[in-house]
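Student: Let me give you the structure first, and then I'll get to my questions.
The values are calculated or read from the model by the stated rules, or taken from the named source; none is laboratory data. Quick caveat: nothing in here was measured; it's all calculated off a predicted structure. Because the Cβ atoms are built from the backbone with ideal geometry, glycine has one as well, and the counts that use them run over all protein chains shown. These accessible areas exclude ligands, DNA and RNA; they are computed on the full protein's heavy atoms, side chains included. Shrake-Rupley method; radii C 1.70, N 1.55, O 1.52, S 1.80 Å.
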Amino acid sequence: DNGASWNARFSIVDGQGSSSPDFMHVGFGDPCIVADRESNRVLVLSCAGNVSFPNGTRNNHQNIARFYSEDNGATWSEPVDIADAIYAMWDNSNHGPVMAMFVGSGKISQSQYIKVGDYYRIYCAVLVKNVSGTHVNFVLYSDDFGETWTVLGGAENSPIPSGGDEPKADELPDGSVIISSRTTGGRYY
């Protein structure tokens, strides 16, 4: 009803803390979300595990948890870690192998124009600590509602090549994609 009333708050998953035998369920944070405008599917991506961004390495890093709801958010799937497939996109680039990464929390945007198969394209931004330790930002996109991801413009070309943090991506009215990233004293675009 356009925000006039709300259901009770509930967790889609509970972190179990550092004593969890399952690395994936230690803890979750910085979620980002998108609801498909033509179906009942909702996607959430979040950080997972117990490795902090600054301490990440290519072989020991934060997970990227993916959750789906097929009923407009009433129930949710178990988390699936998709980090290795995403990290691998930079392994043979001038930025890789990347040491740490997280998807910018908040909103995943859905295209108004590009539709491939059943879904309109979705976009999210990532903060990456590259092989030299520089914080760079990229935009990822998916044409299958988050099952697989691709680096927009390729893994060699970072639209924010240094110093960006907590990036967000969105599609502008003309169909172009913008990335915005926090930096000391302002924002990069």
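Student: Taking just the C-alpha trace of the stretch 126-167, give me its Rg and Dmax in Å.
Tutor: Cα-based Rg and Dmax for the stretch 126-167 come out at 10.9, 32 Å.
Student: Here is a further query. Could you please state how large a percent of the accessible area of the stretch 46-111 is carbon and sulfur, counting protein chains only and using a 1.4 Å probe?
Tutor: Percent of accessible area from carbon and sulfur atoms in the stretch 46-111: 49.
Student: Largest first, how would Y119, Y189, Y113 line up by accessible area (1.4 Å probe)?
Tutor: Descending order: Y189, Y113, Y119.
Student: Here's a follow-up. Using 0.36 nm times the number of residues separating F10 and E156, minus their current alpha carbon distance, what extension gain do you get?
Tutor: Taking F10 through E156 to full extension adds about 48.5 nm, to one decimal.
Student: By per-residue mean of other Cβ atoms within 10 Å, what is the highest-first order of 173-181, 63-71?
Tutor: For the peptides 173-181, 63-71, the packing ranking is 63-71, 173-181.
Student: I'd like to know how the stretch 1-116 sits against the 2.2 N^0.38 Å rule of thumb: what's its Cα Rg over that expected value?
Tutor: Relative to the 2.2 N^0.38 Å estimate, the stretch 1-116 comes out at 1.19.
Student: Right, next: Ignoring everything except DSSP H segments at least 4 long, calculate the 222 nm mean residue ellipticity for the chain; use -39,500 (n - 2.57) per segment, divide by total residues, nearest 500.
Tutor: -500 deg cm²/dmol
Student: Measuring from centroid to centroid over Cα atoms, what is the spacing of the stretch 110-142 and the stretch 36-95 in Å?
Tutor: Rounded to whole Å, the Cα centres lie 12 Å apart.
Student: Can you give the translational diffusion coefficient of the stretch 31-189 in µm²/s, computed by Stokes-Einstein from the Kirkwood radius over Cα pairs at 4 °C and 1.567 mPa s?
Tutor: Approximately 82 µm²/s, per Stokes-Einstein.
Student: Using packing as a proxy for protection, rank 75-85, 23-33 so that the peptide with the highest average count of other Cβ atoms within 10 Å comes first.
Tutor: 23-33, 75-85
Student: Along the charge dipole of the chain, Cβ charges K/R +1 and D/E -1, which of V44, V151, M101 sits furthest on the positive end?
Tutor: So the residue we want is M101.
Student: Continuing with the same structure: Give the residue from S181, Y68, W90 lying farthest towards the positive end of the charge dipole for the stretch 55-189; charges sit on Cβ (+1 for Lys and Arg, -1 for Asp and Glu) and the dipole is referred to the Cα centre.
Tutor: S181
Student: Calculate, for the chain, the solvent-accessible area per residue in square angstrom, rolling a 1.4 angstrom probe over the heavy atoms of the protein chains.
Tutor: Per residue, the chain has 50 Å² of solvent-accessible surface.
Student: Report the full-extension gain for the segment V131 to D22: residue separation times 0.36 nm, less the Cα-Cα distance, to one decimal in nm.
Tutor: Full-extension gain reported as 36.5 nm.
Student: In the Gaussian network model of the chain, springs joining C-alpha atoms below 10 Å, which of A48, A155, A169 carries the largest mean-square fluctuation?
Tutor: Top of the fluctuation ranking is A155.
Student: With the crude spin-label approximation of a point 7 Å out along Cα→Cβ, what separation in nm comes out for N50 versus N72?
Tutor: It works out to 4.0 nm between the two label points.
Student: Let me ask something additional. Taking a probe of 1.4 angstrom, what is the accessible area of T148 in Å², to the nearest 10?
Tutor: 80 Å²
Student: If you don't mind, there's one more thing I want to ask. Could you pull the accessible area for R182 with a 1.4 Å probe, rounded to 10 Å²?
Tutor: Near enough 100 Å² of accessible area.
Student: Between R187 and I33, what FRET efficiency follows from the Cβ-Cβ distance if R0 is 25 Å, with the result rounded to 0.05?
Tutor: 0.70
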